[in-house]
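Since every read-out is calculated from the coordinates, none of them should be taken as a lab result. Remember, predicted model here, so these are calculated numbers, not experimental data. Neighbour counts run over all protein chains shown; Cβ positions are idealised from the backbone, glycine included.
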Amino acid sequence: MKISVVGTGYVGLVSGTCFSETGNTVTCVDIDPKKVESLKKGKLTIYEPGLEVLFERNTKAGRLNFTTSLEEGIEGAQVIFLALPTPPGEDGSADLKYILGVADDLGKILKDYAVIVDKSTVPVGTAEKVTAAIAKNAKVDFDVVSNPEFLREGVAVDDFMKPDRVVVGTQSQRAMKIMEKLYAPLVRQGNPVIFMDERSAEMTKYAANSFLAMKITFMNEIANLCERAGADVDNVRRGIGTDSRIGKRFLFPGIGYGGSCFPKDVQALGKTASEFDYDFKILKSVMKVNDKQKTKMMPQIKEYFGGDLKGKTIALWGLAFKPHTDDIREAPALYNIKSLRRAGAKVVVFDPEAMDNVKGVVGRKVKYAKSMYEALEGADALMIMTEWPAFRTPDFDKIKSSLKNNVIFDGRNLYALDEMEEKGFTYYSIGRKA
Ligand code: UGA
């Protein structure tokens with residue numbers, strides 16, 4: 001099939017590359033000439049494990065192409081994916097200007113029937129708006145389908161190639177058949193393509209992300225309570241996760257969820273609720289608790305150092321909002337850097353992938369170490385913000401000899417309590433005994 005993907009951000013680039021891997025000819029369109037130039041030269045613009053191999057194979061085979069021209073990009077395409085940003089507007093609702101802008105242009109240039117697919121996370125009712133925007137100028141038949149994407153950064157290729165399910169919102173039989181054919185290679189393991197109406201598909205994406213954000217937040221609150229009640233959240237997590245109604249995944253407490261999706265989508269669903277005059281109380285609490293959770297170790301650090309961080313240097317491991325990505329959007333590390341500096345501390349940071357992105361945002365306000373161990377040299381304490389594999393089994397002797405105090409503030413529960421005690425560390429983690 002010939003398909004087009006408009007927007008080469010995270011979702012667009014992964015979708016385009018993966019669809020070319022399943023034998024389609026894909027043209028990705030982006031208005032950013034720098035991005036397109038780089039992609040044409042064979043250089044990926046995002047870091048995502050496993051993507052490069054597919055990207056190289058399919059660009060070389062001529063199945064994956066890039067252009068800045070929408071007209072050229074959609075030429076002959078049966079399916080046109082819109083994978084454009086939907087940033088939160090001032091009031092928290094998703095801003096549709098990019099999607100509706102492209103929809104407007106599409107109406108003017110469509111030459112044959114095509115299925116236009118909303119891949120971006122968009123509020124209920126967007127498919128209707130996109131349809132209206134295209135229909136204003138369209139001279140040919142078209143269908144607009146809502147097909148939300150559920151991939152996670154860091155494991156995006158796997159999530160895309162082996163989805164738990166594919167949700168397709170459309171009432172057009174013609175579009176349904178095309179979407180079924182396109183996804184057939186990806187759902188061979190028996191995982192379903194679930195067809196539904198457009199509004200339900202749009203709501204499904206927000207419900208999924210908000211539910212997961214709520215699940216994490218619930219565990220964060222249980223963890224906070226465990227600390228006060230003398231229980232260990234690791235035990236509680238195992239105890240409840242084995243109940244198949246609850247499930248083992250997304251129960252790991254920590255210093256809050258971040259990233260480009262959960263914070264934005266919880267907020268946007270809250271906004272949708274208020275537009276429909278519904279007071280969605282759980283969502284409000286999720287946002288409030290998560291905001292607080294991100295800097296929950298600050299009082300502990302301050303207390304450890306006698307209430308004052310002036311003149312102290314804190315080594316910070318992990319900047320990305322989660323491992324295996326260089327994405328720092330809404331990353332808890334950024335909030336902690338701000339709080340530490342406000343409290344008078346100096347901060348030295350290290351991350352395996354996200355250093356350049358942090359330099360762009362934080363600049364010279366922190367020091368950038370070349371390695372995880374260099375960050376520790378002469379620092380007063382270590383703080384861990386992201387569970388990168390390299391941080392899980394460090395050389396504890398090296399940590400001890402580099403740090404001025406044997407103290408670790410671990411926002412990701414990487415180490416066993418008894419091991420830390422045995423090695424002589426004062427160890428703070430989330431929901432377990434200090
Ligand atoms: C999330 C969803 O998981 C995807 O299904 C969805 O497609 C995507 O948003 C999106 O809307 O595009 P992502 O933001 O890449 O994916 O990251 P997750 O792996 O879901 O992690 C989100 C945050 O939750 C991270 O900060 C992570 O550290 C945190 N988390 C996750 C926990 O604190 N505990 C957990 O048990 C799991």
Inset, instruction - Quick one: which residues, 5+ away or cross-chain, put their amide H under 5 Å from the amide H of ALA320? H built at 1.01 Å from N. - result: ALA354
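If we count every other residue with Cβ under 12 angstrom of ILE109's Cβ, Lys/Arg +1 and Asp/Glu -1, where does the sum land? Kindly include the intermediate steps, with their values, before the conclusion.
Numbers: positive: LYS108, LYS111, LYS139; negative: GLU71, GLU72, GLU75, ASP104, ASP105, ASP112.
The answer is -3.
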Inset, instruction - State which entries of LYS312/LYS423; LYS40/LYS322; LYS119/LYS322; LYS215/LYS288 exceed 26 angstrom in Cα-Cα distance in the structure shown. - result: LYS40/LYS322
Inset, instruction - Sort out the exposed loop GluC sites (Glu not before Pro) in the chain (DSSP loop, at most 16 other Cβ within 10 Å) and tell me the longest stretch that has none. - result: 91-376
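When only DSSP loop residues count, what trypsin sites (Lys or Arg not before Pro) in the range 139-231 have their Cβ near at most 10 other Cβ atoms within 10 Å?
On the way: sites: LYS139, ARG152, ARG165, ARG174, LYS177, LYS181, ARG188, ARG199, LYS205, LYS215, ARG228; in loops: LYS139, ARG152, ARG165, ARG188.
Passing both the DSSP loop test and the Cβ count: LYS139, ARG188.
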Inset, instruction - Would you mind checking the tilt of helix 51-60 against the longest principal axis of the Cα atoms of the chain, expressed as 0 to 90 degrees and rounded to 10? - result: 30
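Which percentage, to the nearest 5, of the DSSP beta bridges contained in the chain is antiparallel? List each step's numbers first, then the result.
Details: 2 of 45 bridges.
Counting only bridges with both partners in the chain, antiparallel ones make up about 5 percent.
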Inset, instruction - Please sort by residue number the trypsin sites (Lys or Arg not before Pro) in the range 383-415 whose DSSP state is loop and whose Cβ has at most 13 other Cβ atoms within 10 Å. - result: LYS404
Inset, instruction - Using Cα centres only, tell me the gap between the range 28-64 and the range 222-255 in whole Å. - result: 40
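Work out, in µm²/s and without decimals, the Stokes-Einstein translational diffusion coefficient of the chain at 20 °C, 1.002 mPa s, Rh from Kirkwood over C-alpha pairs.
On the way: Rh = 23.4 Å.
For the chosen part, D equals 92 µm²/s.
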Legend entry - Whole-Hz ³J(HN,Hα) from phi, Karplus 6.51 cos²θ - 1.76 cosθ + 1.60, for the range 292-305, glycine and proline x: 6, 4, 4, 10, 5, 8, 4, x, 5, 5, 4, 5, 4, 8
Inset, instruction - Give me the aspartates and glutamates in straight-line cross-link reach of LYS139: C-alpha distance below 17 Å, same-chain residues under 8 apart excluded. - result: GLU71, GLU75, ASP104, ASP105, ASP112
Legend entry - Longest site-free stretch - the chain; sites: chymotrypsin sites (Phe, Trp or Tyr not before Pro), DSSP loop, at most 12 other Cβ within 10 Å: 1-275
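Sorted from fewest to most neighbouring beta carbons within 10 Å, what does the list ASP164, ASP234 look like? Walk me through the numbers on the way to the answer.
Working: ASP164 10, ASP234 19.
Final ranking by Cβ density, sparse to dense: ASP164, ASP234.
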Inset, instruction - Would you mind computing, in nm to one decimal, how far apart the modelled labels at TYR373 and GLU75 are, each placed 7 Å from Cα along Cα→Cβ? - result: 5.6
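Given only helices, namely DSSP H runs of n ≥ 4 each adding -39500 (n - 2.57), what is the per-residue ellipticity at 222 nm of the chain, to the nearest 500 deg cm²/dmol? Intermediate values should be presented prior to the final figure.
Working: 18 runs with 186 residues, N = 434.
That calculation yields -12500 deg cm²/dmol at 222 nm.
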Inset, instruction - Work out how much length LYS108 to ASP158 would gain on full extension: take 0.36 nm times their residue separation and subtract the Cα-Cα distance, in nm to one decimal. - result: 14.4 nm
Legend entry - Efficiency of FRET between ASN191 and VAL140 - r from beta-carbon atoms, R0 30 angstrom, step 0.05: 0.35
